[in-house]
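Some notes on the structure that comes next.
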Amino acid sequence: MSGIDVTAEQPVTVTGRHRYTDADRVNGLAYSDPDVFELELHRIFTDGWVFVGHDSEIPDVGDFVTRRLGHDPVIMLRDRDRSVLVLANRCSHRGVTLTQAPNGNARSFQCIFHGWTYGLDGSLKGVPQPGGMEMSKSDCSLDRPGQVTSYRGFVFANQSGTAGTLDDHLGTGGRELLDWVCDLSPIGELDISAGWLGQDVASNWKMWAESDLDGYHLGTLHNSLWSVVPDTQYGPAVLAGESIVKATTRNRGGGHVELEFWRGYDRQLAWLGVPRERVADYCEALTERHGRERAEELLWMGPPHALIFPNLFLGEMNLAIIDPIAPDRTVHHHTPLLLAGVDPSFNLRVLRQSEAAMGPAGFLLPDDAAAAERMQVAFGQSGGWMDMSRGRSRERIDERGHVVSHVSDEVPGRGFWGHWAQVMAP
Amino acid sequence: MNTATGFDAGRSDLHTATLEEVSQFLYREARYADDSAYQEWLALWDDTDIVYWVPSGKADYDPDTRISYINDNRNRLQTRIRQLQTGQRYAQTPASPMRRVISNIELLHDGGGGAEGHGAHEIVTASNFVLYEHSIQASDQLRLWVGRSTHRLRRRPNGELCIGAKTVELVNATRALPTLAFLL
Ligand code: FES
Ligand SMILES: [Fe+2]
């Protein structure tokens with residue numbers, strides 16, 4: 001059963017020093033202990049699959065973006081044969097980064113230190129003063145992660161090469177989410193072209209995996225927004241009262257967890273905030289691609305709100321990357337989920353919504369950051385136990401084997417931590 | 001002639017602004033922002049057709065195709081202010097004590113002739129700022145914000161200056177920023 005939960009019979013010690021999770025509890029030290037962070041960089045961000053980027057970010061030959069796998073800098077680029085490669089952003093000679101740019105277009109990469117030059121495929125093309133070169137050039141290509149695989153344009157990498165297949169990592173539950181995202185496009189493709197903004201937060205990375213997927217805090221932490229913008233899709237879905245709202249939480253297994261706001265929407269296209277007439281072309285194109293039934297379903301549901309373990313947040317019409325910097329520092333990067341095959345006015349709307357909600361100056365995320373930073377402060381040197389049991393006695397397992405419950409229940413938190421405990425177990 | 005302001009809307013030479021007048025306006029705006037005097041700050045803006053833009057780099061791109069930290073029209077700017085005024089905008093509750101220094105003020109267009117692509121009487125000024133923000137909402141840090149602001153100022157019918165557009169280019173805008181829930 002995919003029912004990953006933290007009803008762990010045995011407490012998880014991971015570093016051998018402390019208990020970090022118990023049944024329905026997490027100790028604050030799991031967010032502050034440098035040894036835990038170190039171990040996470042190895043177990044989760046080196047030995048496991050992590051999201052790197054989307055191939056629509058680099059449409060043309062030579063386009064590249066720089067990212068990190070854990071703390072290892074990499075370049076994701078479009079090679080001459082149009083394939084997408086992930087290369088170490090580290091010169092094979094003595095280890096200088098080849099570029100510091102967040103993105104760009106290159107014909108080759110030349111190291112500033114001694115001038116070694118690499119082709120887009122990472123092969124060493126030229127070295128100054130080759131007479132003294134002891135190594136064969138073919139042994140000096142840029143390193144690559146052990147495994148790189150993409151699914152629907154979402155590029156994932158695994159440094160160690162020992163993570164098994166991406167298919168196994170995503171599972172049906174994860175693949176469905178990515179399919180769902182792409183299905184929103186009338187041609188099944190994304191256009192992740194608006195760039196990423198980073199939010200630098202003084203908290204551990206796992207606060208973001210939690211708070212991005214916390215359906216309990218919307219009415220409290222974010223009340224300042226609803227009190228001035230009362231008419232959003234979240235009103236009926238989440239804020240209308242505990243016994244009234246229909247939105248739910250879902251644990252898809254493998255650490256992939258979800259908030260199903262869409263179950264509580266009160267109308268079609270609530271997620272886009274426009275009436276059907278305004279996007280008639282879009283509705284028609286979607287029907288053409290998927291048939292009436294699926295199109296109508298998508299127009300109701302809109303995009304998923306889910307975490308692909310460990311670092312990809314499908315934040316409705318945003319993608320976000322959770323980037324661990326230090327035990328008490330994280331960058332939360334986001335970009336609007338622009339669709340290919342839609343009218344520019346559709347994507348413009350998505351862009352403006354993204355700016356409103358996300359990032360350091362958005363109407364939502366700064367308050368999440370305040371809560372996360374105050375959690376980090378609260379843990380101090382001793383941690384202390386946090387309760388994550390909410391909804392334990394009313395959650396249920398549905399026909400697909402997923403744990404589901406009320407939108408305010410801490411099912412996603414337990415799903416995330418249950419998987420974390422498995423990956424981190426000694 | 002409006003005797004209160006000495007401004008005569010009929011005389012085009014009186015639309016022009018001096019560096020002194022513009023500087024005083026910018027200093028006042030800075031003080032309202034530093035003091036989180038939200039209503040007073042908002043009142044400095046024109047009532048319609050405004051843009052408050054904090055780009056994710058230099059202001060050399062099309063904000064309709066690339067993401068920005070802030071890209072507010074009048075409606076969204078009002079929402080921003082009203083959210084701050086709820087007292088529950090926890091990213092700015094309590095408000096950060098702040099002080100900024102405005103310098104290198106240049107009057108790029110004094111409003112006398114037509115500024116390229118803008119209203120004939122728009123006044124364009126650019127200035128640098130150094131802002132120290134004491135972030136006290138969680139982790140108690142003194143944060144440094146540095147950048148360049150470009151203001152497009154207009155005259156109200158009564159002759160008062162108001163902001164038509166403000167663009168703030170932060171020197172570190174291409175990298176991750178901490179919470180920016182206060183007013184730049
Ligand atoms: S370190 Fe790159 S060429 Fe020497
Ligand atoms: Fe939130």
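The values are calculated or read from the model by the stated rules, or taken from the named source; none is laboratory data. Predicted, not measured: the structure shown is a model, and the values here were computed from it. Cβ sites come from the backbone with ideal geometry, for glycine too, and all protein chains shown count toward neighbours. Heads up: the accessible areas ignore ligands, DNA and RNA and are worked out on the full protein's heavy atoms, side chains in. Shrake-Rupley method; radii C 1.70, N 1.55, O 1.52, S 1.80 Å.
Brief remarks on what is shown
- Neighbour-limited loop hits for trypsin sites (Lys or Arg not before Pro), region A:327-394 (at most 16 other Cβ within 10 Å; DSSP other than H, G, I, E, B): A:ARG394
- The charge dipole of region A:170-424, taken about its Cα centre with unit charges on the Cβ atoms of Lys, Arg (+1), Asp and Glu (-1) only, comes to about 440 debye.
- Leading residue at positive end of dipole, region B:12-170 (Cβ point charges), from B:HIS121, B:LEU108, B:LEU44: B:LEU44
- Region A:34-109: trypsin sites (Lys or Arg not before Pro) in DSSP coil with no more than 14 other Cβ atoms inside 10 Å: A:ARG80, A:ARG82, A:ARG94, A:ARG107
- Inter-chain Cβ neighbour average for residues A:365-376, partner chain, 10 Å: 5
- Across region A:50-158, the relative contact order, built from alpha-carbon pairs under 8 Å that are at least six residues apart, equals 27 percent.
- Compactness ratio for region A:347-392: Cα radius of gyration over 2.2 N^0.38 Å (N = residue count) comes to 1.68.
- Fraction of accessible area attributable to carbon and sulfur, chain A (%, probe 1.4 Å): 49
- Förster radius 30 Å - calculated FRET efficiency between A:SER227 and A:TRP300, Cβ distance, rounded to 0.05: 0.65
- Neighbour-limited loop hits for GluC sites (Glu not before Pro), region A:301-406 (at most 13 other Cβ within 10 Å; DSSP other than H, G, I, E, B): A:GLU399
- Isolated Cys residues of the protein assembly as shown, judged by Cβ distance under 4.7 Å to other cysteines: A:CYS140, A:CYS182, A:CYS283, B:CYS162
- The simple spin-label model puts a point 7 Å past each Cα toward its Cβ; for B:ALA126 and B:CYS162 those points are separated by 2.7 nm.
- Projecting label points 7 angstrom from Cα along Cα→Cβ for B:ARG74 and A:SER345 puts them 2.1 nm apart.
- Both chains summed, the buried accessible area for A and B stands near 3000 Å², from protein heavy atoms and a 1.4 Å probe.
- FRET E, pair A:ASP387, B:SER139, Förster distance 35 Å, beta-carbon r, rounded to 0.05: 0.90
- For region B:71-102, heavy-atom accessible area (probe 1.4 Å) falls by no less than 20 Å² from the chain alone to the full protein assembly at B:ASN71, B:ARG76, B:THR79, B:ARG80, B:ARG82, B:GLN83, B:THR86, B:GLN88, B:ARG89, B:TYR90, B:ALA91.
- Relative contact order (percent, whole number), region A:170-424, Cα cutoff 8 Å, 6+ residue spacing: 31
- For the protein assembly as shown, convex hull of alpha carbons as volume per residue, Å³: 178
- For chain B, convex hull volume per residue from C-alpha positions, Å³: 119
- Rolling a 1.4 Å probe over the heavy atoms of the protein chains gives region A:338-414 an accessible area of 38 Å² per residue.
- Taking amide H as placed 1.01 Å from N in the peptide plane, the amide H of A:LEU69 sits under 5 Å from that of A:VAL74, each at least 5 places away or on another chain.
- Counting DSSP beta bridges with both ends in region B:12-170, the antiparallel % (nearest 5): 90
- Scanning residues 5 or more positions from A:ASP191 or on other chains, those with amide H under 5 Å from its amide H are A:LEU338, A:LEU339, A:ALA340, with H placed 1.01 Å from N in the peptide plane.
- Bridge type composition, the protein assembly as shown - antiparallel percent by DSSP, nearest 5: 95
- Charge dipole (Cα centre; +1 on Lys/Arg Cβ, -1 on Asp/Glu Cβ; no other charges) of region B:12-170 amounts to roughly 560 debye.
- Top positive-direction residue, dipole computed over region A:318-372 with Cβ charges, set A:PHE363, A:SER345, A:PRO324: A:SER345
- For region A:256-266, the Karplus equation 6.51 cos²θ - 1.76 cosθ + 1.60, evaluated at θ = phi - 60°, returns couplings of 8, 10, 8, 10, 9, 4, 4, 5, x, 5, 9 Hz by residue, with Gly and Pro reported as x.
- Cα gyration tensor category, rounded, prolate or oblate, for region A:190-277 with a/c compared to 1.5: rounded
- Average accessible surface area per residue within region A:50-158, 1.4 Å rolling probe, Å²: 47
- Computed about its Cα centre, the charge dipole of the protein assembly as shown is approximately 560 debye, with only Lys, Arg, Asp and Glu carrying charge at their Cβ.
- Förster radius 25 Å - calculated FRET efficiency between A:SER160 and A:ARG107, Cβ distance, rounded to 0.05: 0.20
- Percent carbon-and-sulfur accessible area, chain B, ignoring ligands, DNA and RNA, probe 1.4 Å: 49
- Accessible area (Å², per residue) of region B:12-170, counting only protein heavy atoms and a probe of 1.4 Å: 44
- Across chain B, Cα pairs under 8 Å and at least six residues apart give a relative contact order of 26 percent.
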